[in-house]
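Student: Have a look at this one before I ask anything.
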Amino acid sequence: MLLVLALLIGVVAGLRALTAPAAVAWAASLGWFDISQTPLAFLGYQWTPWILTVLAAGEFVADQLPGTPSRKVPMQFGARLVSGALSGGAIGAAGGSLWLGVVAGIIGAVVGTYGGAAVRARLAASFGRDLPAGIVEDVVAVVAAVLIVSAV
């Protein structure tokens, strides 16, 4: 079950690169799962969730700007892969399978990046503009992230 959750948090990372690690950091810091004896223990430190939340909020704003590059360009795509690996790895580590979690998170990030781009394009076309589609995607990412980390 944890590997499915690691895959799903990777999908969230594909939608919004910083939402997934922010949610994982909050869950670890609140004691929803224990990663304190793993290489990813820093995610549960006192200030990590706050820092990642501020960065995630900035990403929500930047994503709505017309000049923001596609999530599929190398830099953006790479950030989503790293985020998926980190977030999926933390969930996997909570169950003793850090590396399987990393792989599941990366696979999820690929799915979330390409699938999210396709769904957002369709939503934007149906709304006649991109902003409402972006807001829907933000809400989906946040709600999914909370549900996933609370299920760990």
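Yes/no matrix, rows are residues, columns are (1) more than 21 Å from Val119 (Cβ to Cβ); (2) of a type in the set (S, T, N, Q); (3) touching a residue at least 60 places away in the same chain (Cβ under 8 Å):
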site: Tyr45; (1), (2), (3): yes, no, no
site: Ala90; (1), (2), (3): yes, no, yes
site: Gly105; (1), (2), (3): no, no, yes
site: Gly108; (1), (2), (3): no, no, yes
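Student: Inspect the stretch 47-63 for any residue being hydrophobic (A, V, I, L, M, F, W, C) and within 16 Å of Ile9 (Cβ to Cβ) and give the result as yes or no.
Tutor: The first filter runs over the stretch 47-63 and keeps only residues hydrophobic (A, V, I, L, M, F, W, C), leaving 47, 50-52, 54-57, 60-62.
Next, from what is left, pick out any that are within 16 Å of Ile9 (Cβ to Cβ): 52, 56.
Looking for residues that are hydrophobic (A, V, I, L, M, F, W, C) and within 16 Å of Ile9 (Cβ to Cβ), one finds at least one in the stretch 47-63, hence yes.
Student: If you don't mind, there's one more thing I want to ask. Pick out the one residue from Trp26, Trp32, Trp50 that is aromatic (Phe, Trp, Tyr), over 27 Å from Ala124 (Cβ atoms) and without any contact (Cβ under 8 Å) to a residue 40 or more places away in the chain. Spell out how you get there, then give the answer.
Tutor: Working: Trp26 fails: without any contact (Cβ under 8 Å) to a residue 40 or more places away in the chain; Trp32 fails: without any contact (Cβ under 8 Å) to a residue 40 or more places away in the chain.
Just one listed residue meets the conditions, Trp50.
Student: Out of all the residues in the stretch 77-122, which are more than 21 Å from Gly31 (Cα to Cα) and open to solvent by 50 Å² or more (accessible area, probe 1.4 Å)?
Tutor: Val82, Trp99, Leu100, Val103, Ile106, Ile107, Val110, Val111, Tyr114, Val119, Ala121, Arg122 - these are the residues of the stretch 77-122 that are more than 21 Å from Gly31 (Cα to Cα) and open to solvent by 50 Å² or more (accessible area, probe 1.4 Å).
Student: Which one of the conditions (1) open to solvent by less than 30 Å² (accessible area, probe 1.4 Å); (2) part of a helix (DSSP H, G or I) does Phe33 fail to meet, given that it meets all the rest?
Tutor: Unmet condition: (2).
The rows are residues; the columns are (1) in contact with a Gly (Cβ under 9 Å, 6 or more places away or on another chain); (2) over 28 Å from Leu131 (Cβ atoms).
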| residue | (1), (2) |
| --- | --- |
| Leu3 | yes, yes |
| Arg16 | yes, no |
| Gln37 | no, yes |
| Val61 | no, no |
| Pro69 | no, no |
| Pro74 | no, no |
| Val82 | no, no |
| Ile91 | yes, yes |
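The values are calculated or read from the model by the stated rules, or taken from the named source; none is laboratory data. The shown structure was predicted, so the numbers you read here are calculated from the model rather than taken from an experiment. Every residue, glycine as well, gets a Cβ built from its backbone with ideal geometry; the counts of neighbours run over all protein chains shown. For the accessible areas, the whole protein counts, side chains as well, though only heavy atoms, and no ligand, DNA or RNA atoms are used. Shrake-Rupley method; radii C 1.70, N 1.55, O 1.52, S 1.80 Å.
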